[in-house]
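Following: one structure in structure tokens, then a few remarks.
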Amino acid sequence: MMGCNPVASCLSLTLTLFVYQLDVCVSDSHHEECPESCFCTEGINSGLVVHCSSLHLTAVPRDLPNTTQHLYLDNNLLLTIPSDAFKGLPLLFKLDLSHNLLVGLEHGAFRDLADSLRSLDLSSNLLETLDPGAFGDLRAQTNLSHNPWLCDCRLQLAMPQLLLDPSSLAEVMCNSSEPHELGAQGLPFILVATDLDFCAAIRRTTDVAMLITMFGWFTMVISYLVYYIRHNQEDAIRHLEYLKSLPNRQGRYEEALTLNTWL
């Protein structure tokens, strides 16, 4: 039986130690990049999975690594998502914002994620309406369930502008409606929106307001014309009386006759 080659064994041991040290350095590097209080693990293709769940966060962490692929911000105290919250995350594939206190999404909130994000969870928040400007060109499959959606004209106008995966919109259930008498509560918005016109009442109100405004302007113009005519008629009468009080001259007499005819 041949003995082990000391040189080969030494080289093998050295290579093993080098690979181990390199792995430790990479892990330490990712650990240093991880936001404070969050927990980071390796993702596929050298990306990171960043767990920031249940930390009572009131804002999205600002020091997120640019290699982040999955980001979990669920069960926190987020009220809104600012326009630059996810800037510099070109690899972000999945974003979980469920179970927060989100009442609104600022214009451009997800615009930097249009090319990468494929899964977005906004369920169990306090969202009442959708701003197309917040999503931009985002086409991700989005969980919109368990929000107190207000089914009204604004939401009806916003829906066709959204580029989200069509299945996302099926989860928008009407918690309330405006006008209330439409009775959309508890129904999927995309279902009732095909039969109900939430903007009809607003259009009627707008038409009435325009009619009242036009009537007001018309009344003001008529009042001005009446005042103008009366004012000039009174001036003409005073001028006629003045001419009559002057000595009787042919020129003034003719002028008085002309003025009297006009009146």
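The values are calculated or read from the model by the stated rules, or taken from the named source; none is laboratory data. Keep in mind the model is a prediction, meaning the values are calculated, not measured. In this analysis, Cβ positions are derived from the backbone assuming ideal geometry, glycine residues included, and neighbour counts consider all displayed protein chains. The accessibility values were calculated without ligands, DNA or RNA, using every heavy atom of the protein model including side chains. Shrake-Rupley method; radii C 1.70, N 1.55, O 1.52, S 1.80 Å.
Candidates ALA140, ASN75, SER123 compared by Cα position along the dipole of segment 29-188: farthest toward the positive end lies ALA140, with charges placed on Cβ. With semi-axes defined as the square roots of five times the eigenvalues of the C-alpha gyration tensor, the equivalent ellipsoid of segment 85-208 measures 28, 15, 12 Å, largest first.
Which value, in Å² rounded to 10, gives the accessible area of MET159 with a 1.4 Å probe and all protein chains present? Number for this one is 20 Å².
With contacts taken as Cα pairs under 8 Å at a separation of at least 6 residues, segment 50-161 carries a relative contact order of 21 percent. Computed over protein heavy atoms with a 1.4 Å probe, the accessible surface of segment 96-207 works out to 48 Å² per residue. In segment 92-178, carbon and sulfur make up what percent of the accessible area (probe 1.4 Å)? Result for segment 92-178: 51 percent of the exposed heavy-atom area is carbon or sulfur. Extension gain for the segment LEU157 to LEU79, taken as residue separation times 0.36 nm less the Cα-Cα distance, is 25.7 nm to one decimal. Protein-only accessible surface at a 1.4 angstrom probe places the residues HIS99, HIS70, HIS107 in the order HIS107, HIS99, HIS70, largest first.
Per residue, the convex hull spanned by the Cα atoms of segment 81-125 amounts to 60 cubic angstrom.
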